[in-house]
Each structure stands twice: as structure tokens, then as C-alpha cells.
Amino acid sequence: MMKNEYIPYPAIIEEIRREAPDTKTFRLRFKDKKLAETFTYKQGQFMEVSVLGAGEAPISITSSPSRPGFLELTIRAAGMVTKAIHSLNIGDCVYLRGPYGNAFPFEEIKGKNIYFVAGGIGLAPLRSLINLVLDNRKDFKHIKILYGSKSTDELCFKNELELWKSIPDTEVWLTVDKPCDGWGCRVGVVTELWKDTHIDPNNSVSIVCGPPIMMKFVIAKLTESGFSDENIIMTLERYMKCGIGKCGHCNIGEKFVCIDGPVFSFTQVKTLPHKEGVI
Amino acid sequence: MKIKILKKEDLKGLLKEVVKEWNVYAPQRNLGSDLWFETLPKAGQELDQAIENIVLGDVNTVISPKDIFFPQLESCFEFSADSIKETVEFSPKFLLGVRACDLRGILFTDDFYKRNFQDKYYLSRIKDRFIVVKGCIKPPRVTCFCTSAKTGPFADGGFDLQLVESSDAYFVEVGSRKGEEFIKKHEEFFKDPANNVTEIIPQIKSKAAESVELKMDFQKALELMAKDNFIPEENYKRIGERCIYCGGCLYVCPTCTCFNVFDNVKDKSGARLRNWDACVFEGYTRETSGHNPRKEKWQRTSRRYEHKLKYDYMVTGTSGCIGCGRCLSSCPVDIGISKFIQEITEKRKMM
């Protein structure tokens with residue numbers, strides 16, 4: 001019998017961590033034991049998450065495929081579905097289908113310096129690759145994580161930011177628009193971090209995710225720093241319904257962000273029709 | 001191609017047989033003056049009356065038969081507090097009187113729903129399907145341009161049977177094995193034609209093609225659209241000023257497949273539904289944050305034309321426009337793809 005891609009499967013919330021005033025990380029496990037054991041995904045992919053009655057929304061996976069057995073989604077309460085998810089507690093059930101979309105490169109970027117540049121909740125999808133890279137630390141050269149958010153409160157994964165900093169040859173640079181008292185890092189947009197640390201384009205690749213305006217400025221800055229288009233990798237956000245290339249909402253030119261992306265190189269992004277709004 | 005003859009007066013008897021095994025969809029004029037694909041009742045006076053209301057002349061339905069396989073609103077699954085029940089429709093469907101252009105639309109949509117991930121709802125609905133095309137002797141609309149789009153007025157293939165109308169009978173072209181089996185099963189209704197049929201049918205078809213008056217260089221339009229940024233923004237802005245963004249042209253379009261998904265809930269149970277959506281709506285690409293990559297009207301106008309005439313052609317090798325003329329005939333402000341094509345190929349202002 002043909003598989004019905006639209007049918008989601010129940011998953012139990014095992015853990016909830018508050019990241020920011022409006023953002024929580026949910027650790028989930030499929031209710032069906034066999035499904036839970038066989039479920040795999042790749043860094044950069046996303047899930048379609050349902051709260052029955054509220055609807056369904058695409059959410060990028062934040063956990064790393066190098067740490068199997070569970071699935072983590074970091075969700076900001078913004079719309080109908082995400083607000084409904086935020087109202088749930090440990091032991092409650094959501095419905096999942098996926099994983100969908102392509103993945104961040106991994107094998108291809110071994111032996112390189114990696115620059116992760118994130119804005120706000122844009123760090124969530126990057127975290128999947130960051131932890132995968134860190135779990136294979138010896139395969140990579142220098143790693144820098146440049147992260148900016150609106151305020152100190154809104155920085156996600158605070159404990160992990162500290163942890164990442166402590167790993168050899170791994171740097172974390174932070175900036176916020178509105179600092180709290182005693183903030184020791186930079187104030188301003190994420191491109192301000194170029195003043196704090198040297199950005200070396202040689203044998204390097206950059207992975208970018210954040211709000212559209214931030215992406216534009218970061219890409220310009222990376223290009224200015226000497227990064228080739230091919231070495232700027234980004235994950236695109238787009239209003240989506242089905243996640244499998246049918247409903248049409250995320251269509252740009254002949255591409256679907258949900259199945260041809262969400263990960264694109266800047267080279268690929270440049271071939272998309274910009275008048276249809278890319279970033 | 002095997003050819004048989006079906007007398008017009010025998011159609012009623014044939015349908016009464018067919019309706020026993022199939023859900024029969026045919027263009028009917030039941031209420032008002034418009035024509036819609038509707039199912040035939042299974043028996044009795046209602047069936048007789050419905051058969052009387054079938055129109056196979058030179059009129060086409062308001063909406064293409066796409067909604068038989070892709071309904072305007074359908075259920076994906078039903079749910080209660082702790083369970084999900086898939087809702088899939090798979091009844092056998094017999095379509096009588098599909099126009100050649102609309103057949104192309106159906107085949108185009110089939111291909112789309114089979115590509116990459118398979119869409120179970122659509123594919124279940126088409127699984128058991130029999131299509132009888134009725135070629136147009138005269139164009140049903142003044143906005144028809146099938147001869148330019150090379151989609152009609154008669155189909156070259158893809159049907160089970162195709163009716164070629166003559167005075168008191170139809171020549172029936174058999175286009176598939178299913179079609180052959182059907183003829184065999186209902187052989188009492190189908191007679192062998194006279195020897196000169198191979199001359200008569202091409203004559204009828206070419207006369208029909210000649211009667212389509214609206215003509216344009218469709219292929220040239222596709223080639224021009226394939227060039228990067230060939231259409232200046234100003235053109236889309238000009239159309240955008242006139243367009244009221246009602247989405248009507250997309251709802252009537254045989255190849256438009258976009259849908260929205262939402263939950264309809266009452267107490268603790270409900271259903272996940274999907275319904276037609278349209279890329280010209282402002283909310284179509286608006287994200288939760290409020291950011292909208294296609295906020296400007298002209299961006300959506302550009303999307304609408306370039307999807308049909310550029311990207312569909314790029315991906316599938318055929319245009320997403322099948323020349324049925326519905327977009328223009330249904331538009332309250334006189335915009336249509338044919339006019340767009342005339343503008344770019346003939347360099348004259350049409351809108």
C-alpha cells in the first residue's frame with residue numbers, strides 16, 4: 001500500500017528546556033517503539049509538527065544525528081501551532097512526520113575552518129551541524145561561532161555556548177542589541193563581530209542562518225571578507241504547508257525550499273529569481 | 001487507432017449500463033445556465049433527468065474536471081484526542097465529455113502529484129479512472145486558444161476513448177487497452193464504421209481546428225520567457241494595477257495545484273483539511289514573523305505568469321498553460337494568459 005506522507009505519528013515530550021522568554025527546546029520520542037528506534041535524520045533537515053486541532057508547522061531539527069535516540073526541536077511561540085506547542089507539558093503528545101529537506105554538507109567540509117553565523121533562533125538549525133562537527137572535532141580545523149540576538153535574555157542554548165567555548169580551537173563570539181547589566185561581549189548587529197575576531201576565507205566555509213535582513217548583511221560581509229559564493233551555505237526560511245513539494249507555498253522559481261532546500265549555497269541562491277523574494 | 005461508431009441515441013442506454021459500475025461524471029446543466037461536471041445518480045427518474053441534462057455540444061464546464069481528483073476542499077484525516085484516521089477516496093470514476101485541453105491539464109496534474117513525494121489523496125482518486133474525451137467541433141469560448149497551445153481541439157492520446165462528433169453519431173477513437181476492453185464489454189452499442197472513416201475523421205478535425213479563431217505564437221512566448229528577466233518589471237506592474245487579486249483565474253485553471261492545510265475542530269475531534277490556495281494572494285507567502293518575500297502585487301503577478309510559462313516548461317518540457325481560455329473568460333477585469341502571450345510576442349498592449 002502506498003505510504004501516506006501526510007499522516008503524522010505521535011511523539012511524547014520527554015523534556016522541555018526554556019531557552020529564551022518565548023523560546024523552548026522540546027525533546028521528543030516517537031511513541032511507537034520501532035519507529036523511535038529506526039528514526040534517523042540529517043543535519044539541517046526539518047520535521048512537520050502537529051498539535052491536532054491547532055494545525056501543523058515545519059520546524060528545523062536542532063539535535064545532532066551523532067546523538068541518536070531522541071529528537072530536539074527549538075520552537076519560538078509565534079503563530080497558532082507554535083503557541084499551542086508551548087502550552088504542552090512533559091508527557092504530552094505532539095504528532096510528527098518527516099524528516100524533510102536536504103542537509104548541511106558534512107563530509108564535504110571536513111578539513112576546513114568552519115564559521116557559523118547565526119541570528120536569534122537561527123542558531124537552532126545550525127546547532128545540529130555544530131554538535132555533529134564537534135562530535136567529530138578532529139576532522140575539522142578552526143571553528144568560530146558568531147551569534148547575535150536582540151537581547152541577552154534571548155540568546156538560546158546558553159549552557160552550550162559556554163561548553164562550546166571550552167573546546168580547543170573553538171571560539172564563540174556573542175553580540176546583542178540590548179545588553180543586560182554586566183554584559184561583557186559586544187553590543188550591536190552580528191556583523192559587528194568582524195571587529196572582534198579575524199575572519200579568514202582561506203580553506204573556510206561559512207554556515208549562515210537568521211532573519212532575512214541579517215542574512216543579507218552577513219552574506220555581504222562574508223563576500224567582502226573574501227568568501228566565495230560556493231563557501232557561503234545558508235538555510236532558508238519560507239512559509240510552508242506540506243513540506244513535500246506539493247502545496248506550492250515555498251516555491252521560488254522552479255525550486256521548492258522544502259525539497260530542494262532548505263540548505264542552499266550562495267551560488268545556488270544567486271540563480272533563484274530575486275524578484276520572487278529569496279532572502 | 002481502432003475506430004467504432006456510437007449512435008447518439010444509444011448514449012443514454014450505454015450510460016445506464018456504465019453507471020452500474022462507475023461513478024459517472026459528465027458536464028450537466030442542472031441549475032442555471034452554467035455547465036458543471038457532476039455525478040450521475042445511480043438509477044430511477046433522477047438518472048433519466050440527469051442524462052437529459054448532459055451537454056456534449058460546444059460548451060465547456062466552468063471549472064475543469066481537475067476538481068474530481070483535487071477537490072476544492074478535502075479531508076486528509078480525521079482525529080480524536082488520541083487517534084488519527086486516514087480519509088482516502090478511491091471510487092471508480094468514469095469521465096464523459098472531457099475536452100482535449102482539459103485532458104492535457106489532467107495529465108499534467110497527474111505528473112505533478114506523482115513527482116518526488118507521491119500525493120496519496122490525488123493518486124487514490126485517479127487510480128481507477130476512465131476518460132472519454134469529447135473533441136470540440138467549435139471552440140466553446142471565444143478565449144479558447146488550444147490550436148496555438150497545441151492541446152486541441154482533439155487529443156492525440158492519453159484518453160481511453162475520444163468522441164468525434166458527426167451528425168447523428170460519434171466516431172469513437174479507442175486510445176488505450178482499457179478503452180478496448182470497454183468497447184468489447186459493451187459491444188452492442190458500438191458498430192464498425194464504413195471504410196471511408198479514415199478520410200472523414202481528419203476532415204472533421206481539421207475543420208474544427210480551423211474554427212479556433214484566437215491565435216498566437218505560443219512557442220515563441222515560451223522561448224522568450226525562458227530568457228532571464230525577459231519581461232520588464234513594468235509589464236507586471238501594469239497588470240498588477242489592473243488585477244484585483246481575487247484568485248479566480250487560478251481556481252479555474254486546470255493545472256493550478258496549490259493548496260492550504262488547516263485543522264477544523266469541534267470539541268475534541270476534528271479533521272485536517274486542505275483547500276485550494278492561490279499564489280496571487282498576499283497571505284500565500286507571508287511568514288509568521290510578518291515578513292513577506294512576495295509582498296508587492298507585481299511580484300505575485302510575475303510569479304503567476306512565470307510559473308505557468310517559464311518554470312513549468314523548464315521542469316516538465318510542456319507549458320503549464322493548456323490554452324483553455326478560462327482565465328480570461330472568468331476574469332472580471334479582462335486579464336488572461338492569452339493576452340499576456342500576445343503582448344510579449346506581438347509587442348502590443350493588450351491589458
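The values are calculated or read from the model by the stated rules, or taken from the named source; none is laboratory data. Being a predicted model, the structure only gives us computed values, none of them experimental. With ideal geometry, Cβ positions are generated from the backbone for all residues, glycine too; neighbour counts draw on all protein chains shown.
Every test in (1) under 25 Å from the mean Cα position of the chain (by Cα); (2) within 14 Å of chain A (Cβ to nearest Cβ); (3) surrounded by 16 or more Cβ atoms within 10 Å (Cβ to Cβ) is passed by B:C243 save one, and that test is (2). Return yes when B:R272 is buried (at least 17 other Cβ atoms within 10 Å of the Cβ), of a type in the set (K, R), in a strand (DSSP E or B) and more than 7 Å from chain A (Cβ to nearest Cβ) and no when it is not. Spelling it out, B:R272 is indeed buried (at least 17 other Cβ atoms within 10 Å of the Cβ), of a type in the set (K, R), in a strand (DSSP E or B) and more than 7 Å from chain A (Cβ to nearest Cβ). Answer yes if at least one residue in the range B:12-26 is in contact (Cβ under 8 Å) with a residue 24 or more places away in the chain, surrounded by 17 or more Cβ atoms within 10 Å (Cβ to Cβ), charged (D, E, K, R) and in contact with a helix residue (DSSP H, G or I) (Cβ under 6 Å, 6 or more places away or on another chain), and no otherwise. No, because not a single residue in the range B:12-26 is in contact (Cβ under 8 Å) with a residue 24 or more places away in the chain, surrounded by 17 or more Cβ atoms within 10 Å (Cβ to Cβ), charged (D, E, K, R) and in contact with a helix residue (DSSP H, G or I) (Cβ under 6 Å, 6 or more places away or on another chain). Filtering the range B:308-335 to residues that are crowded, with 19+ Cβ neighbours inside 10 Å, within 20 Å of B:F108 (Cα to Cα) and not hydroxyl-bearing (S, T, Y) leaves B:K308, B:L309, B:K310, B:D312, B:G320, B:C321, B:I322, B:G323, B:C324, B:G325, B:R326, B:C327. Evaluating B:T198 against the criteria (1) modelled with pLDDT under 95; (2) within 14 Å of another protein chain (Cβ to nearest Cβ) leaves one unmet condition, (2).
When B:I183, B:I200 are checked against the criterion of being free of Cβ contacts under 8 Å to residues at least 60 places away in the same chain and not basic (K, R), a single residue qualifies: B:I200.
A:D22 falls short on exactly one of the conditions (1) modelled with pLDDT of 95 or more; (2) farther than 16 Å from A:I90 by Cα; (3) away from chain B (no Cβ under 14 Å); (4) surrounded by fewer than 17 Cβ atoms within 10 Å (Cβ to Cβ), and that condition is (3).
Highlighted here are the strands (runs of 3 or more DSSP E) found entirely within the range A:1-118 that include at least 2 residues which are small (G, A, S): A:9-20, A:55-60. Note on the range B:246-268: among residues that are assigned to a loop (DSSP other than H, G, I, E, B) and within 11 Å of chain A (Cβ to nearest Cβ), the one that is nearest to B:E346 (Cα to Cα) is B:C256.
Here is a yes/no grid of residues against (1) within 26 Å of A:E37 (Cα to Cα); (2) of a type in the set (S, T, N, Q):
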| residue | (1), (2) |
| --- | --- |
| A:A84 | no, no |
| A:R97 | yes, no |
| A:G119 | no, no |
| A:G122 | no, no |
| A:S128 | yes, yes |
| A:L134 | yes, no |
| A:H142 | no, no |
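Checking the stated criteria, B:Y305 turns out to be out of contact with any Pro (no Cβ under 7 Å at 6 or more places or on another chain), more than 9 Å from chain A (Cβ to nearest Cβ) and buried (at least 17 other Cβ atoms within 10 Å of the Cβ). With respect to (1) in a loop (DSSP other than H, G, I, E, B); (2) within 14 Å of chain B (Cβ to nearest Cβ), the lone exception for A:C258 is condition (1).
Residue-wise test of (1) crowded, with 21+ Cβ neighbours inside 10 Å; (2) part of a loop (DSSP other than H, G, I, E, B); (3) within 14 Å of chain B (Cβ to nearest Cβ).
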position: A:I213; (1), (2), (3): no, no, yes
position: A:L222; (1), (2), (3): yes, no, no
position: A:G226; (1), (2), (3): no, yes, no
position: A:E230; (1), (2), (3): no, no, no
position: A:I233; (1), (2), (3): yes, no, no
position: A:M240; (1), (2), (3): yes, yes, yes
position: A:G243; (1), (2), (3): yes, yes, yes
position: A:K246; (1), (2), (3): yes, yes, yes
position: A:H249; (1), (2), (3): yes, yes, yes
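Here's the yes/no breakdown for (1) modelled with pLDDT under 95; (2) more than 24 Å from B:P293 (Cα to Cα); (3) out of contact with any Phe, Trp or Tyr (no Cβ under 9 Å at 6 or more places or on another chain):
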site	(1), (2), (3)
B:H307	no, no, yes
B:Y311	no, no, yes
B:C321	no, yes, no
B:G325	no, yes, no
B:V333	no, yes, yes
B:K339	no, yes, yes
B:E343	yes, yes, yes
B:R348	yes, yes, yes
B:M351	yes, yes, no
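Consider the range B:129-179 and keep the residues that are touching a strand residue (DSSP E or B) at 6+ places or on another chain (Cβ under 9 Å) and either within 14 Å of chain A (Cβ to nearest Cβ) or of a type in the set (V, I, T) (or both). The one that is nearest to B:D67 (Cα to Cα) is B:I131. Taken residue by residue, the range B:192-207 has at least one member that is assigned by TED's automatic domain parsing to the domain that holds B:K134 and under 18 Å from B:R104 (Cα atoms). Answer yes or no: is there a residue in the range B:10-26 that is closer than 30 Å to A:L52 by Cβ and aliphatic (A, V, I, L, M). No. The set of residues in the range B:89-108 that are in a loop (DSSP other than H, G, I, E, B) and buried (at least 16 other Cβ atoms within 10 Å of the Cβ) contains only B:R99.
Give the range A:154-183 a look and list any residue that's of a type in the set (D, E) and more than 12 Å from A:G120 (Cβ to Cβ), or say none. Within the range A:154-183, A:E160, A:E162, A:D169, A:E171, A:D181 qualify.
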